[in-house]
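First the structure, in the form of structure tokens, and then the observations on it.
The values are calculated or read from the model by the stated rules, or taken from the named source; none is laboratory data. Keep in mind that what you see is a predicted model, and the values were worked out from it rather than measured. No Cβ is skipped: glycine too gets one built from the backbone with ideal geometry, and neighbour counts run over all protein chains shown.
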Amino acid sequence: MQTYLQHGRDGERIAVQLLKARGYQVLCSNWRYKHLEIDVIAREGNQLVFVEVKTRSSDAFGLPFEAVDWKKQGRLARAAERYIAAHQYHGEIRFDVVSILYSERDQTYRTQLIKDAFWPE
């Protein structure tokens, strides 16, 4: 049986593979600024994309993407602001979510890419 952390690492690896297969150029993973983190930062066309990856082994408490609540969105927005300032980026951005549901029974992953998943206020 995999641990919570193993699911998270596997989920991020799978998300990067999914994004690359969909034509994204992955710039970095697990970018941090103090207590803030962005799972994946990528480019798609002329947009800089900040990607949150949520992996769960059960949908008993909802689907993974449902865990990206207003608090998490706010933290992602603050982290994105720091990244943009640090890299002096001037251009379009968006926030995507990769939702991954792992089935322990058949050991498969069900993935869903949600483009433009939210826009922080």
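Quick one: which strands (runs of 3 or more DSSP E) sit completely within the range 9-70 and have at least 1 residues that are surrounded by 12 or more Cβ atoms within 10 Å (Cβ to Cβ) and small (Gly, Ala, Ser)? Explain how you work it out, then say what you get.
On the way: elements: 25-33, 36-44, 47-56.
Qualifying strands (runs of 3 or more DSSP E): 25-33, 36-44.
Please tell me if Arg78 is of a type in the set (Lys, Arg) and free of Cβ contacts under 8 Å to residues at least 12 places away in the same chain. Even if it seems obvious, please write down each step before you answer.
Values: of a type in the set (Lys, Arg): yes; free of Cβ contacts under 8 Å to residues at least 12 places away in the same chain: no.
Against the criterion (of a type in the set (Lys, Arg) and free of Cβ contacts under 8 Å to residues at least 12 places away in the same chain), Arg78 does not qualify.
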Just give me the residues in the range 70-104 being over 17 Å from His35 (Cα atoms) and acidic (Asp, Glu), in sequence order. Glu92, Asp96, Glu104
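Is there a residue in the range 60-70 that is modelled with pLDDT of 95 or more, within 14 Å of the chain's Cα centre (by Cα) and within 22 Å of Pro120 (Cα to Cα)? First the steps, then the outcome.
First pass over the range 60-70, keeping only residues modelled with pLDDT of 95 or more: none.
The answer is no, given that none of the residues of the range 60-70 is modelled with pLDDT of 95 or more, within 14 Å of the chain's Cα centre (by Cα) and within 22 Å of Pro120 (Cα to Cα).
Based on this model, can you work out whether Tyr89 counts as hydroxyl-bearing (Ser, Thr, Tyr) and either buried (at least 19 other Cβ atoms within 10 Å of the Cβ) or closer than 16 Å to Lys115 by Cα (or both)? Lay out the reasoning, then the answer.
Details: hydroxyl-bearing (Ser, Thr, Tyr): yes; either buried (at least 19 other Cβ atoms within 10 Å of the Cβ) or closer than 16 Å to Lys115 by Cα (or both): no.
Criteria not met by Tyr89.
Would you mind stating whether Ile93 is β-branched (Val, Ile, Thr) and modelled with pLDDT of 95 or more?
Working: β-branched (Val, Ile, Thr): yes; modelled with pLDDT of 95 or more: yes.
So Ile93 fits the description; yes.
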